[in-house]
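Quick note: the coordinates plus some simple rules give every number you see, no bench work behind them. Here the structure is a predicted model, which is why all the values come from computation and not from measurement. Note that we place each Cβ from the backbone using ideal geometry, even for glycine, and neighbour counts take in every protein chain shown.
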Amino acid sequence: MALENELMHHIKCKIGDVGRYVLLPGDPGRVAKIAAYLDNAVHIQTNREYEVWTGYLDGKKVSVMSTGMGGPSAAIGLEELKMIGADTFIRIGTCGGIDPELEPGTLIIPTGAIRKDGTGREYVPIEFPAVPNFDLVSALKDAAKKLKKKSALGVVECKDSYYGQHAPERMPAKYELLQKWEAWKTAGAIGSEMESSTLFIVASVLRVRCATILLLCRNREREDKYNTGLIRETDTSNAIETAIEALRTIIAKDKDN
């Protein structure tokens, strides 16, 4: 725990600036949009990739903080939020598709993550699984059903290189990238993104709760299999609304306990 009035080095926040519940988009540009779902939300701080707003949901202080792209900045943000009192985190992000049967616009709720990131390896050996908090996953699943949002649960791939996925054939390591992509697809992975595996690992080490909900933006596997042409979905409103509804459930359960 940080000292009172001690500013965290990277997020530039102190005890009292954030709630125990934090929503984590990657993009700073999405923070204000998510904060608009809270009551009396105010801007707290902006530093580097970290933009922080805090408001209230069902009478409880809730914050929104961007983490930037990839595992390193996400891990730093989670560490510093924990130091100033946060203990429950829902990442709201986007992903690409691996399962060709999933349409863009589907909400993906990861039940586990393939650890291709480098950051998590500096916390625990690769054999340790990256899994989210069960109660948060259940709340997200139930919220999607309640709000009638199309959703899917499953394993996602988490990598450090965006272009390693989107242009693997031009990489010297293409033999490994292409083979592993086919392995993930054959094994049943459903989406690909960049932060969840790191967040799940760091959350496990810190003994805090973390889960993720992702908008499936584009599915190239589906485009290739069904010759659909390019289809892209960019509106994250369904993912945000589902995360807010899930958080209401968690807040209510925490009150009861």
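List of remarks:
- Between ILE201, ILE76, ILE190, the Gaussian network model of the chain with springs among Cα atoms under 10 angstrom shows the greatest mean-square fluctuation at ILE76.
- Rounded to 10°, Cα long-axis angle of helix 174-187 versus longest principal axis of the chain: 80 degrees
- Sorted fewest first by neighbouring Cβ atoms within 10 angstrom, SER161, SER237, SER66 come out as SER237, SER161, SER66.
- Short-range pairs are left out: with C-alpha atoms under 8 Å and at least six residues apart, the relative contact order of segment 76-229 is 47 percent.
- Extending 7 Å from the Cα toward the beta-carbon at both ASP58 and LYS253 defines two label points whose distance is 1.1 nm.
- Kirkwood analysis of the Cα pair distances in segment 166-227 returns a hydrodynamic radius of 14.1 Å.
- The residues LYS141, LYS146, when put in order of fewest to most other Cβ atoms within 10 Å, stand as LYS146, LYS141.
- In sequence order, calculated HN-Hα J values of segment 78-88 (Karplus, 6.51, -1.76, 1.60; Hz; x Gly/Pro): 5, 4, 6, 5, 4, 4, 10, x, 7, 9, 9
- Radius of gyration and Dmax over the Cα atoms of segment 28-134, both given in Å: 15.5, 43
- Calculation over all alpha carbon pairs of segment 217-257 in 5 angstrom steps from 0 returns a P(r) of 5, 20, 14, 11, 12, 11, 10, 8, 6, 3, 0 percent.
- Table column - 3J(HN,Hα) (Hz), segment 97-103, Karplus curve with 6.51, -1.76, 1.60, x for Gly and Pro: x, 10, 6, x, 7, 8, 8
- Semi-axes of the equivalent ellipsoid of the chain are 30, 21, 16 Å, computed as sqrt(5λ) over the eigenvalues of the C-alpha gyration tensor in descending order.
- Projected label distance in nm at TYR175 and TYR226, using a 7 Å step from Cα toward the beta-carbon: 3.6 nm
- Gaussian network model of the chain, springs between alpha carbon atoms under 10 Å - residue of ALA173, ALA86, ALA211 with greatest fluctuation: ALA173
- Choice from ARG220, ARG30, ARG207 showing the highest fluctuation, given a GNM over the chain with Cα pairs closer than 10 Å: ARG207
- Relative to the longest principal axis of the Cα atoms of the chain, the long axis of helix 237-256 makes an angle of roughly 50 degrees.
- The residues TRP181, TRP53, when put in order of fewest to most other Cβ atoms within 10 Å, stand as TRP181, TRP53.
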